[in-house]
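What follows is a single structure, written as structure tokens, with notes after it.
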């Protein structure tokens, strides 16, 4: 891509610096295709996109381009679980086995629901070796996790459940509602809010999907190299996580609620705007404020066993901290995806925002492409 780029969409004049920060990612050659959006009090103040939807730079990134946002999907899945908490159908301190009896194996009979949502259940990865195709078989994964012994004493420390969390959270939704996570999300969240986000992508949307551009392959000695013997290495290697499956219909069609949601910055921001506004947007209430406040109470704070950095976890979300100062206000929560998409909600300022792109970075925690626009937005407030 050349160092000039045309930015499409809408940006309030007050936030012109956000548009400039977004453009900088393209001028520096760090980006191929991306979108950024932000709302204040539920209203879009920024909704912009630019670049290309493919590595060859032949398909422009359009207003309705969607891509795999990887772990940014988790905020959608966590929301679905919290909706059941809000409705009184799910108790955070009840044993998971109360809703999912088969989970009461390998010493997990008393493991509470909140441990799943705070990544402290000890089920960060799969003990049994599996191929990537196993992720498309819900029952196989669920039966495996139900029988699996935790990797550490649950509740004592966090360890990022990179892929497993989506199945664990999603099975609670399925057991309580009878609906798969993707169906529940579509019917209860996406359709009411008119949000173009999908967990289990229908074939009719295939033509709009942008191509994920894999991060560079890292070798030992690179600062971002993942030691295969580390906890993160074990999680990412079983099954081996690469960007290539994201191009396949089988991956897109499956429901992998921690990793294969498809959307863009507008759709992610739209859903998160409901949380930023206390749980209700345009007359559609997803949560009550007390449930949101419960979700952003600190559950774990310390070095994460998988990511090897200090993370402050709430229930399904990361919370702003001195190590990860996502925003200036205390009731700010966030998450991001491999590559490096991100979303954040500031309950104090009633702000929601998201950055979604297709050029994946190997430096997941240090990539600042989305942070540039985030910081510019706050500077303009």
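Here, each number is a calculation from the coordinates, and none is a lab measurement. Keep in mind it's a predicted model, so treat the numbers as computed, not measured. Every residue, glycine as well, gets a Cβ built from its backbone with ideal geometry; the counts of neighbours run over all protein chains shown.
For the stretch 65-360, what class follows from the C-alpha gyration tensor (a ≥ b ≥ c being the square roots of its eigenvalues): rounded when a/c is under 1.5, otherwise prolate if a/b is larger than b/c, else oblate? If you can, show how the numbers build up before the last one.
On the way: a/c = 1.19, a/b = 1.05, b/c = 1.13.
Here the stretch 65-360 falls in the rounded category.
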Handout entry: Of 56, 258, 190, the one that fluctuates the most in a GNM where the chain has Cα springs shorter than 10 Å
Key = 56
Problem - Highest average packing first - 196-204, 217-225, Cβ atoms within 10 Å - result: 196-204, 217-225
Handout entry: Between the stretch 84-143 and the stretch 162-203, the alpha-carbon center distance in angstrom
Key = 16 Å
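Restricting to Cα pairs below 8 Å that are 6+ residues apart, what does the relative contact order work out to for the stretch 9-164? Please round to a whole percent.
Normalised by residue count, the contact order of the stretch 9-164 is 15 percent.
For the chain, give me the percentage of DSSP beta bridges that are antiparallel, rounded to the nearest 5 percent.
Around 95 percent antiparallel, to the nearest 5.
Could you put 152, 100 in order, starting from the residue whose Cβ has the fewest other Cβ atoms within 10 Å?
Working: 152 16, 100 20.
With the sparsest Cβ surroundings first, the list reads 152, 100.
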Exercise for the section: Note down the relative contact order for the stretch 65-360 as a percent, whole number, built from C-alpha pairs under 8 angstrom at least six residues apart. Expected result: 26 percent
Handout entry: Cα shape, the stretch 185-300, gyration tensor, a/c 1.5 rule
Key = oblate
Problem - Structure-based [θ]222 nm, the chain - -39500 (n - 2.57) summed over DSSP H runs of at least 4, per residue, nearest 500 - result: -8000 deg cm²/dmol
Exercise for the section: Within the stretch 295-337, find all residues whose amide N lies under 15 Å from a label point positioned 7 Å from the Cα of residue 368 along Cα-to-beta-carbon. Expected result: 324-326
Completion exercise
Largest fluctuation, 355, 99, 167 only, Gaussian network model of the chain with Cα springs under 10 angstrom, belongs to 99
Completion exercise
With Cα springs under 10 Å, the Gaussian network model of the chain assigns the largest mean-square fluctuation among 356, 209, 268 to 209
Problem - Value in Å of the Kirkwood radius, where the stretch 44-106 supplies the Cα pairs that are averaged - result: 15.8 Å
Exercise for the section: Can you grab the distance from the C-alpha centre of the stretch 210-271 to the C-alpha centre of the stretch 1-41, Å, no decimals? Expected result: 24 Å
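Most exposed first by the Cβ proxy, i.e. fewest other Cβ within 10 Å, how do 120, 321 rank? Walk me through the numbers before you get to the answer.
Details: 120 27, 321 15.
The order, fewest Cβ neighbours first, is 321, 120.
What does the C-alpha gyration tensor say about the overall shape of the stretch 260-325? Classify as rounded when a/c is under 1.5, otherwise prolate if a/b is larger than b/c, or oblate. Please list the in-between numbers first.
Details: a/c = 2.71, a/b = 1.59, b/c = 1.70.
Oblate, because a/c is 1.5 or more while a/b does not exceed b/c.
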